[in-house]
Amino acid sequence: LGENHENADHHDIQLRIIKDLIEAGKQPQLGFEFFSIDQTGYLTGFVRSAKSKHKLPVDILEKMLRRDLGWQERTDRNWEFYYRFIQLARTHQLNVFGADLPSGTIRSIARYGLSGLSPVEKPLINSTGFKNAAYRELMFEKFKAAHCGFAMKSHQEKMYQTWLARNDTMASSIVAMSDAEPKQPVIVIVGGGHT
């Protein structure tokens, strides 16, 4: 489900769609662009905590989750947009997952390109083999516009490699979740640019 990250209406529509699926007897699996694959354990732990024998108050669990996800510096408004989905997953015991690359790997690709990744990072890249000259040109134009018309080809190439690596990781995450529970829908909350 694509979104403009700051658009409250988009988040409301997404929430309604997920609730409609639950009311129809489905157990949608929820993924998030805003959380990375390595943060999945934090999301899952929060959801599963509802069934724990040793329950902490949910407000304490929320603070711990926000800290673990590195969201202490983000606004409460932005946190609330995504926390509503996580709360819904906890209530209905839905599978949740981070879909994006870890932020350190994203930074490495943006600075050094795919060839500059360390041997530890390279296995995180699951290329779909997507190649499309028109899409590449479109993204180069968007990167240039986002940088006030300034464009260095080498910088744009690294940005494009980063963009594709992130999209490929999100696609791989979706496939992995779908393969695990093929009868349940996979919903990913993702910026419209990535869709």
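Take the conditions (1) open to solvent by 40 Å² or more (accessible area, probe 1.4 Å); (2) within 30 Å of ILE86 (Cα to Cα); (3) among the hydrophobic types (A, V, I, L, M, F, W, C); VAL190 misses just one of them, which is (1).
For first residues located in the stretch 4-31 and surrounded by fewer than 16 Cβ atoms within 10 Å (Cβ to Cβ), partners that are among the acidic types (Asp, Glu) and lie 6+ apart or on another chain with Cβ distances below 7 Å do not occur. Taken over the stretch 1-45, the criterion of being part of a helix (DSSP H, G or I), among the charged types (D, E, K, R) and either within 23 Å of ALA171 (Cβ to Cβ) or touching a helix residue (DSSP H, G or I) at 6+ places or on another chain (Cβ under 8 Å) (or both) is satisfied by LYS19, ASP38. Pairing residues of the stretch 180-194 that are more than 14 Å from GLN29 (Cα to Cα) and outside any strand (DSSP E or B) with residues that are open to solvent by less than 50 Å² (accessible area, probe 1.4 Å) and of a type in the set (S, T, N, Q), at Cβ distances under 8 Å and at least 6 apart in sequence or on separate chains, gives HIS194/ASN167. Taken together, THR44, THR75 contain a single residue that is in contact (Cβ under 8 Å) with a residue 40 or more places away in the chain and surrounded by fewer than 20 Cβ atoms within 10 Å (Cβ to Cβ), which is THR44.
A quick yes/no check of all residues on (1) part of a loop (DSSP other than H, G, I, E, B); (2) touching a His at 6+ places or on another chain (Cβ under 7 Å); (3) of a type in the set (S, T, N, Q); (4) surrounded by fewer than 17 Cβ atoms within 10 Å (Cβ to Cβ):
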site: PHE85; (1), (2), (3), (4): no, no, no, no
site: ILE106; (1), (2), (3), (4): no, no, no, no
site: ARG111; (1), (2), (3), (4): no, no, no, yes
site: SER115; (1), (2), (3), (4): no, no, yes, yes
site: LYS144; (1), (2), (3), (4): no, no, no, yes
site: PHE150; (1), (2), (3), (4): yes, no, no, yes
site: TRP163; (1), (2), (3), (4): no, no, no, no
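The values are calculated or read from the model by the stated rules, or taken from the named source; none is laboratory data. All figures in this text were calculated on a predicted structure; none of them were measured in a lab. Please note: Cβ atoms are built from the backbone with ideal geometry, for glycine as well, and neighbour counts cover all protein chains shown. Remember, those area values only see protein heavy atoms, side chains included, never the ligands or the DNA or RNA. Shrake-Rupley method; radii C 1.70, N 1.55, O 1.52, S 1.80 Å.
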